[in-house]
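Encoded as structure tokens, the structure appears first; notes follow it.
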Amino acid sequence: MSASKLEIKAVFDSLDSNKNGSIEAYELKAALTELKMYTNPVQLKKLMNAADVNHDGGISLDELTSIVRAYESNGDKTGLGRVYAKQKEVVSFGSGGGKHTYAQEEFHAFAEHLNNIMEKDDDLKYLLPIDSSGLELAEKVGDGILLSKLINLAVEDTIDERALNKQKPGKTMSVFQRNENLTLMINAATSIGAQTVNLGASDIAEGQNNPTLVLGLVWQLVRLQLLSSINLKSFPELFRLLEDGETLADLKALSAEALLLRWFNFHLKAAGSDRRVKNFSGDVKDGKAYATLLHQIAPGVCKGESLNQPTPVATATAVLKDTANLGIQSFITSRDIVKGNPKLNLAFTASIFNHLPGLDPLEVEELKELEEVELDEGDDREELAYRMWMNSLGIAGLHIDNLFAGMSDGLYLLKVIDFVHPGTVAWNKVEMKPKNKFKKVANANYAVVLGKSLEFSLVGIGGVDIVNQNKKLVLGFTWQLMRSHVLKYLQMAQSKIFGKKKVTDKMIITWANQCVADHGKSSSMKSFRDSTLSNGIFFLDLLSCVRDDAVNPANVTPGETEEDKTLNARYTISVARKLGAVVFLLPEDIVQVRPKLLLTLVGSIMACMK
């Protein structure tokens, strides 16, 4: 007996705990089991690898339904292998009818979005406009420039454009230059939280043959670009969303997507509506919630006509007319709204917020209260670096929007420990669904025990400190885990240098100084706390050891002023990424000589040595 749409949706909703319109890939087993569809481990692994077809970390209701229907038509013995092939085909080719149109809608939307936001960039005149009627976007990303520009719109100055190979009039980039750009772009995307595991320069260079991979990466970057400013730092007015019993720290710990949902519902409530939006798919597909939102935040322009339309399509069309009158460049169509495409509706809502949040400015006292919960600047940067490192590991079901909140039940911490040191965690001792504080503390205590067994310095730290989000202690534990990963990676990558010896900080410093000296440079470092490192010149000299022409001397400043130091630091990070290094620090970390993050930088450069 086949599962009904209602049964599939009920199972999906039960697993969609944060109501964002998707479930994690690792929850697929639970969904199939609930629907009485059993698999063996090999089949399940294939399906889990294929299910997240757009590589965005989640499975939509449409994707789950397609999997279930293919399973039912093929039978439970051989069905999953066929589902794997079927899913790949359906999403890889966006033209045609039926299920193929789902990917095409997103290609159309993202191409239109890039045309809108990049139209004034002179460097992109040879690429724009992108034809949004087909898969031209998959071809236009092939030299790395377009996506590098998008990354910088998502997080300013992530890529130093001086490190990019740019198109020159009348000339064509070589394959080597294109691959350099793509390597830099992919490593930069990783550093800001995009999932790029098993994604290489050649996959994007041949994007027309890999549209699924391109679509997945573009969506992640568009999402980051649209959501990057939805936080208390960029919009202090989000203070207004604080609910009874919450602290500002609780509000700050929410993901941008969760804040966006709360903002949406705040205005629905203010408008006197009983509707509430829990996702960006089914809850918005009739257009009424959008109509109410727009009338509430801009009653002078959006006069409410969209609320009185006879059909969902008519409502969605009127909503898009309202947003156009507000000057919002939306790339969604009325069909996308009515269909309930969660990605495009999330992007549409973010566009509305970024253009007109509709929240009252804060009073002086409220601003003071907000400032009191701000992290120390250095801690804030460490939190970002460690969080991006964790997200980059490609661990199934792991994505952290706030390090302290994300680690507070101990489960993610244990997953990372087991990734860095496979087999360390005895999973039968772990509470996989730690709902109460007792279970969370039990997980965190176990993580501390394992950390000590790995010779981490964890004096005075207990599981309750992790659950209570003690920032200093959580940062200390996470740093040792990241350092362990870096050193372990170096041990494997540089066995010809160190042999089987356990790599230490002193060994790395000695090696780096010797490389620079052998290359005829005079710079050196005494330790990772050496103040002379602030000008970035030593790191640029070290990068020249990886490849003679890696650093353009014309881009290197004397490093005497703060501005010159920052320019060198930015260039250092981008050149390192261009050479294949995966680094998570910011230019400020070099200028201010933050030793922990400088160790990861030198270690990553070392791993690039041939």
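Please treat every number below as a calculation from the coordinates, not as lab data. What you are looking at is a predicted structure, and each value in this text was computed from that prediction instead of being measured. We place every Cβ from the backbone using ideal geometry, glycine too, and count neighbours over all the protein chains shown.
Can you give me the angle between helix 562-578 and the longest principal axis of the chain, using Cα atoms only, in degrees from 0 to 90, rounded to the nearest 10?
80 degrees
Which one of Leu259, Leu217, Ser484 is farthest out on the positive end of the charge dipole of the chain, using unit charges on Cβ (Lys, Arg +1; Asp, Glu -1) and the Cα centre as origin?
With unit charges placed on the Cβ atoms, the residue in question is Ser484.
Would you mind checking the tilt of helix 61-74 against the longest principal axis of the Cα atoms of the chain, expressed as 0 to 90 degrees and rounded to 10?
Once rounded, one gets 80 degrees.
Just want the ordering: His267, His108, from fewest to most Cβ atoms lying within 10 Å of their own Cβ.
His267, His108
Order by neighbour count: Arg570, Arg275, fewest other Cβ atoms within 10 Å first, most last.
Arg275, Arg570
On a 0 to 90 degree scale, rounded to 10, what angle separates helix 342-355 from the longest Cα axis of the chain?
80 degrees
First select every other residue whose beta carbon is under 11 angstrom from the beta carbon of Val441; then total the charges, Lys and Arg +1, Asp and Glu -1.
Taking every other residue near Val441 into account, the sum is 0.
Once both labels are modelled 7 Å past Cα along the beta-carbon direction, what's the His519-Val459 spacing in nm?
Using points 7 Å along Cα→Cβ, the separation is 3.8 nm.
Please give every one of the lysines within straight-line cross-link reach of Lys171, meaning a C-alpha to C-alpha distance under 16 Å, and leave out same-chain neighbours fewer than 8 residues apart.
Lys125
Per residue of the chain, what 222 nm ellipticity follows from adding -39500 (n - 2.57) for every DSSP H run with n ≥ 4, rounded to the nearest 500?
That calculation yields -17000 deg cm²/dmol at 222 nm.
Need the full-extension length gain, Glu246 to Lys171, defined as separation in residues times 0.36 nm minus the C-alpha distance. One decimal, nm.
Full extension of this stretch gives 21.2 nm more.
For segment 376-490, what is one quarter of the convex hull surface built on the Cα atoms, given in nm²?
6.9 nm²
Can you bin every Cα-Cα distance in segment 469-610 into 5 Å intervals starting at zero and give me the percent of pairs per bin, rounded to whole numbers?
Histogram of Cα-Cα distances, whole percents per bin: 2, 10, 20, 24, 22, 12, 7, 3, 1, 0.
Exceeding 24 Å between C-alpha atoms, which entries from my cross-link table qualify? They are Lys36/Lys415; Lys501/Lys610; Lys269/Lys433; Lys149/Lys471; Lys36/Lys440.
Lys36/Lys415; Lys269/Lys433; Lys149/Lys471; Lys36/Lys440
Considering just Cα atoms, how many Å³ per residue does the convex hull of the chain enclose?
Measuring per residue, one finds 179 Å³ for the Cα hull of the chain.
First measure r as the distance between the Cβ atoms of Tyr126 and Ser2, then evaluate 1/(1 + (r/R0)^6) with R0 = 41 Å and state the FRET efficiency to the nearest 0.05.
In this case the efficiency is close to 0.20.
Want the number for Thr504 to Asp548: 0.36 nm per residue separation, take away the alpha-carbon distance, what's left?
That works out to 13.1 nm of additional length.
Based on the Cβ-Cβ distance of Thr65 and Arg483, what FRET efficiency does E = 1/(1 + (r/R0)^6) give at R0 = 30 Å, to the nearest 0.05?
0.10
Mind checking the full-extension length gain between Asp13 and Val301? Use 0.36 nm per residue of separation minus the Cα-Cα distance, one decimal, nm.
100.1 nm
Viscosity 0.890 mPa s, temperature 25 °C: what is the translational diffusion coefficient of segment 250-367 from Stokes-Einstein with a Kirkwood Rh over Cα pairs, rounded to a whole number of µm²/s?
For the chosen part, D equals 170 µm²/s.
List the aspartates and glutamates whose Cα sits under 17 Å from the Cα of Lys439, skipping any in the same chain fewer than 8 residues away.
By straight Cα distance, Lys439 reaches Asp409, Glu431, Asp465.
Of Lys9/Lys339; Lys29/Lys343; Lys5/Lys29; Lys278/Lys339; Lys506/Lys578, which sit over 20 Å apart, Cα to Cα?
Checking Cα-Cα distances, Lys29/Lys343; Lys506/Lys578 exceed 20 Å.
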